[in-house]
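Notes for the one structure printed next.
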């Protein structure tokens, strides 16, 4: 049964709290705080005293002093949980008054994996809307960290109202292969910033087409399906087209191909006062053309008072066909209608053929791919069956003595006797 926060009211003032758990969560919070105009109160929670002292968060909790003595958890979630239990009272007091709580953590280690479920439970008991934004480790970090992340995610699911789960392996597709490590994490953190900011705007938006809380939770309530997310913004002419195009480039949408597999999709469009219904219709028409007929689509639209604000398109959802695999989807949506608002380019002299799915590649016409090609037939000439001619003695009656042909040279007759 879905329960909703008891005092979350769009007409009342919204108090959002962003919690960063562990080193990974605090790093993300610090990057979010460095963005201008970040509207949320922030809370950093960690067992590492050095990390706590350097964070930009407005509130700080160095939890588990008796458990870890100001050090880390060594990647052990049980130590992280014990530390959270030790500081449970202080954490609970810091959550009081927040009707929206964002829990940001990197799963797989000790503090984030161990403490995140307990913090989510505390926020739920406080009556807050609990939204977890978590990341799972890279595959090269080892099987144990992946198992710890999966176990923690199952526990968080028990208490969080909505979960955005980002896999580091998929987010890495945003970055060039030889990009620096600092640039890599900055780009990934920017994606997390966009997701948290978008969710905060969706929850607090008043219209003209607001997203109801049940609709948002129906889309983002955690399941075993892959998370779909893309966000793009643009200004100037054809801003709706360019914002949607940028959102669809997200690797978490598989460059737009996963739209067809979406079971539930939430599209949120925001912009300046000049945002027109024609622009909203254009964006939604192109998205609808690439959705499965059975997909459930939810729309939200809001307009700010800032005339310089860009038009922003945010797409969130769940992939209805289960977790993503390495194989390409069978159906690739045609995104060419996005360019209808642009001048039609002249046809190229050598049109490029669209990349076909592995399952749609035509078979070779000559033979089945699992069979060896038939060898060409070669006719062998018939061997002569007539006796070899006797040269100049051909027309002379042979001289036969005691069964031997004396016309045959002696060395040949001796050889035949062997």
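Miscellaneous remarks
- Test result for residue 286, out of contact with any strand residue (DSSP E or B) (no Cβ under 6 Å at 6 or more places or on another chain), assigned to a helix (DSSP H, G or I), farther than 13 Å from residue 315 by Cβ and at pLDDT 85 or above: no
- Candidates 133, 101, 119 - the one that is surrounded by 24 or more Cβ atoms within 10 Å (Cβ to Cβ), assigned to a strand (DSSP E or B) and in contact with a strand residue (DSSP E or B) (Cβ under 9 Å, 6 or more places away or on another chain): 101
- Hey, residue 98 more than 27 Å from the chain's Cα centre (by Cα) and at pLDDT below 95 or not: yes
- Among the residues of the range 219-237, the one identified as farther than 26 Å from residue 169 by Cα and either in a strand (DSSP E or B) or at pLDDT below 85 (or both) is 234.
- Residue among 125, 49 that alone is touching a helix residue (DSSP H, G or I) at 6+ places or on another chain (Cβ under 9 Å), under 26 Å from residue 216 (Cβ atoms), surrounded by fewer than 17 Cβ atoms within 10 Å (Cβ to Cβ) and assigned by TED's automatic domain parsing to the domain that holds residue 192: 125
- Pairs with Cβ under 8 Å, 6+ apart, first in the range 260-288 and more than 27 Å from residue 217 (Cβ to Cβ), second assigned to a helix (DSSP H, G or I): 279/239; 279/240; 282/240; 282/241; 282/341
- Some residue of the range 122-130 being modelled with pLDDT under 95 and assigned to a strand (DSSP E or B): yes
- Test: residue in the range 159-173 that is modelled with pLDDT of 90 or more, outside the structural domain of residue 219 (by TED's automatic domain parsing) and touching a helix residue (DSSP H, G or I) at 6+ places or on another chain (Cβ under 7 Å): yes
The values are calculated or read from the model by the stated rules, or taken from the named source; none is laboratory data. Not measured: the values here are computed from a predicted model. With ideal geometry, Cβ positions are generated from the backbone for all residues, glycine too; neighbour counts draw on all protein chains shown.
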